[in-house]
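Working notes, structure below.
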Amino acid sequence: MLQRLFHVNICVRDMERSIAFYERLGFKKVNDFVLEGGDVGEALGLADVKKLRGVFMRLGDDETAPVIDLVQFLEPAPRGEPYPTLNNIGICRIAFSVEDIDKATATLEEMGVEFVAPMKKVTGVGDAEIGVVCFKDPDGTVLELLSGM
């Protein structure tokens, strides 16, 4: 039934701020569009939504790779907050692999991101050492970096 993962949506308050943040993480903007009209909101189960902006961000150059779809609701504006903790039901974080977790964590520190907890090295499957660090994007969505996978 399902063919492949196409995108993961992240609702943002300030699109330009979010684009800049994700570009610093290594993403490239591959599509930028505005959708308008009542049917847009209805298709998403949000009858009051009349206009939104979407930006597809991709890691690497593979045109078939999944994208992050940053979405800013324009009419009406976005509301609410991300989950306060990672143990809520639903999507709690988006994970990415990195080659050097120490270097990546240092870069995040330089960027001034908010960390959920300090980077840890844990024992994984087959006694492999796995580096793990979770941090927040500008709107509080939790992202995770993993090394040794």
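Computed from the coordinates by the stated procedures, all read-outs in this text should not be read as laboratory data. For clarity, every value in this text was computed on a predicted model and none was experimentally measured. With ideal geometry, Cβ positions are generated from the backbone for all residues, glycine too; neighbour counts draw on all protein chains shown.
List of remarks:
- Computed over region 24-149, the P(r) tail beyond 23 angstrom holds 46 percent of alpha carbon pairs.
- Backbone HN-Hα couplings from phi across region 137-149 [Karplus 6.51/-1.76/1.60, Hz, Gly and Pro as x]: 7, x, 9, x, 5, 7, 10, 10, 10, 10, 10, x, 8
- Using alpha-carbon coordinates, inclination of helix 101-111 to the longest axis of the chain, degrees: 50 degrees
- Ranked Val113, Val55, Val125, criterion: other C-beta atoms within 10 Å, fewest first: Val125, Val113, Val55
- Highest average packing first - 132-144, 42-54, Cβ atoms within 10 Å: 132-144, 42-54
- Taking Gly80, Gly37, Gly26 in turn, the Gaussian network model of the chain (Cα-Cα springs below 10 Å) assigns the largest fluctuation to Gly80.
- Sparsely packed GluC sites (Glu not before Pro) within region 78-132, loop by DSSP, other Cβ within 10 Å at most 10: Glu99
- Restricting the chymotrypsin sites (Phe, Trp or Tyr not before Pro) of region 1-105 to loop positions (DSSP other than H, G, I, E, B) with no more than 12 neighbouring Cβ atoms within 10 Å leaves Phe6.
- Angle between the chain longest axis and helix 15-24 axis [Cα atoms, degrees, rounded to 10]: 30 degrees
- Relative intensity, log₁₀ I(q)/I(0), of region 67-129 from a Debye sum that treats every alpha carbon as a point, q = 0.13 Å⁻¹: -0.59
- When only Cα pairs below 8 angstrom with a gap of at least 6 residues are kept, the chain shows a relative contact order of 21 percent.
- Evaluated over the Cα positions of region 7-75, the convex hull gives a direction-averaged projected area, one quarter of its surface, of 4.5 nm².
- For Glu129 and Met15, the FRET efficiency from 1/(1 + (r/R0)^6), where r spans their Cβ atoms and R0 equals 41 Å, is about 0.60.
- For the chain, the Cβ-based charge dipole about the Cα centre amounts to some 180 debye (Lys, Arg positive; Asp, Glu negative; other atoms uncharged).
- Residues whose amide H comes within less than 5 Å of that of Cys11, counting only those at least five positions distant or on another chain, are Val71 (H built at 1.01 Å from N in the peptide plane).
- Each of Met1, Met111, Met15, Met119 has some number of other Cβ atoms within 10 Å of its Cβ, and from fewest to most they run Met1, Met111, Met15, Met119.
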